[in-house]
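The values are calculated or read from the model by the stated rules, or taken from the named source; none is laboratory data. Since the model is a prediction, treat every value here as computed from it, not as a measurement. Don't worry about glycine lacking a Cβ; one is built from the backbone with ideal geometry, like all the others, and counts go over all protein chains shown. With ligands, DNA and RNA removed, areas are computed over all heavy atoms of the protein, side chains included. Shrake-Rupley method; radii C 1.70, N 1.55, O 1.52, S 1.80 Å.
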Amino acid sequence: MSVSKYSNIELSDVRGVLIDLDDTLYVYQVNHDDALKKVHKELFSDMDYSEFSQLYRNARNTVTQRLMPQGACRSRLFAFQTVFETLGTQQPFVRAYVADALYWDSFIANMALAPAADAFLARCEALGLPVCIVSDMTAHVQIRKIEKLGLTERIAHLVTSEEVGPEKPDARMFQAGMRKLGIHRGEDAIMIGDSLDKDIIGAQAINIRAYQVSLTQEF
């Protein structure tokens, strides 16, 4: 399946839009890298960044494997707690809380809505199409992102895997979004996301027209 540009997404015969958040409305990786470097500088400066980043990556993998497919598998707090437990730190949950706050404060402070996504949402507004974000993440973090991106008045609903239970591509994620939009048939909605496996194939399985986008190809 070819990757679409936002400007080429067809909105005729659509009653509502389902859309992913991370790497679909903004670029994820640069914000993650900056946030992790901030945590390293403030809390782990006694070790090389490469050592810390690998320790963090291993912790994220451990948490994901243990808690998948619950929304909690995405928890950075649990990942940092695992890091501190691995290091034998006392009260690791307290230190993890500090690290989690530092990570997300830094991550969210530097976020910016992708221009192509901004223009697409403007098209939806002009046509009176409600938009629901469907995301594999914890709800409170995604709400903070939505606020930072200036989308609180432009997004009608939010569905997270934390709320639904399973992650995409499970049909229940898309169905939850459709219910919130008041849509009963897959044919009346579209799904937009960056992941072929999670966003596109998952939506198409229940007859939702889906578009895979790549922000790196929008510039």
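Scanning region 107-122 for residues that are farther than 30 Å from E10 by Cα and either open to solvent by 20 Å² or more (accessible area, probe 1.4 Å) or in a loop (DSSP other than H, G, I, E, B) (or both) gives A109, N110. Taken over region 123-155, the criterion of being of a type outside the set (K, R) and in a helix (DSSP H, G or I) is satisfied by C124, E125, A126, L127, A139, H140, V141, Q142, I143, I146, E147. Can you find even one residue in region 120-140 that is more than 24 Å from K198 (Cβ to Cβ), within 20 Å of the chain's Cα centre (by Cα) and in contact (Cβ under 8 Å) with a residue 40 or more places away in the chain? The answer is no, given that none of the residues of region 120-140 is more than 24 Å from K198 (Cβ to Cβ), within 20 Å of the chain's Cα centre (by Cα) and in contact (Cβ under 8 Å) with a residue 40 or more places away in the chain. When G88 is tested against the conditions (1) free of Cβ contacts under 8 Å to residues at least 40 places away in the same chain; (2) crowded, with 18+ Cβ neighbours inside 10 Å; (3) not in a helix (DSSP H, G or I), the lone failure is (2). The test for being in contact with a Lys or Arg (Cβ under 7 Å, 6 or more places away or on another chain) and surrounded by fewer than 16 Cβ atoms within 10 Å (Cβ to Cβ) holds for E125.
Tell me which residues, restricted to region 91-105, are open to solvent by 20 Å² or more (accessible area, probe 1.4 Å) and under 20 Å from the mean Cα position of the chain (by Cα).
Taking region 91-105 and keeping what is open to solvent by 20 Å² or more (accessible area, probe 1.4 Å), we get 91-95, 97-98, 100-102, 105.
Selection gives D100, A101, L102, D105.
Of the listed requirements (1) open to solvent by 40 Å² or more (accessible area, probe 1.4 Å); (2) part of a helix (DSSP H, G or I); (3) of a type outside the set (K, R), L36 misses just one: (1). Of all residues in region 161-175, none satisfies being modelled with pLDDT of 95 or more and either in a strand (DSSP E or B) or hydroxyl-bearing (S, T, Y) (or both).
Residue by residue through region 46-85, note down the ones that are exposed (fewer than 15 other Cβ atoms within 10 Å of the Cβ), in a helix (DSSP H, G or I) and of a type outside the set (D, E, K, R). The answer is Y49, S50, Q54, N58, N61, Q65, L67.
Hey, among A205, A189, A116, which residue is aliphatic (A, V, I, L, M) and closer than 16 Å to V27 by Cα?
Numbers: A205 fails: closer than 16 Å to V27 by Cα; A189 fails: closer than 16 Å to V27 by Cα.
After ruling out the rest, the residue left standing is A116.
In this structure, is K148 surrounded by fewer than 20 Cβ atoms within 10 Å (Cβ to Cβ) and under 14 Å from the mean Cα position of the chain (by Cα)? Answer is yes for this residue.
When you scan region 151-160, how many residues do you find that are open to solvent by 50 Å² or more (accessible area, probe 1.4 Å) and either touching a strand residue (DSSP E or B) at 6+ places or on another chain (Cβ under 8 Å) or of a type in the set (D, E, K, R) (or both)? Working first, answer last.
Of region 151-160, the ones open to solvent by 50 Å² or more (accessible area, probe 1.4 Å) are 152-154, 156-157.
Checking the rest, the ones that are also either touching a strand residue (DSSP E or B) at 6+ places or on another chain (Cβ under 8 Å) or of a type in the set (D, E, K, R) (or both) come to 153-154, 156-157.
Final tally of qualifying residues: 4.
Conditions first: (1) open to solvent by 30 Å² or more (accessible area, probe 1.4 Å); (2) closer than 19 Å to G128 by Cα. D188 passes all but one, so which condition is the exception? Going through the list (1) open to solvent by 30 Å² or more (accessible area, probe 1.4 Å); (2) closer than 19 Å to G128 by Cα, D188 breaks only (1). Scanning region 176-219 for residues that are touching an Asp or Glu at 6+ places or on another chain (Cβ under 6 Å) and outside any strand (DSSP E or B) yields D194, D199, N207.
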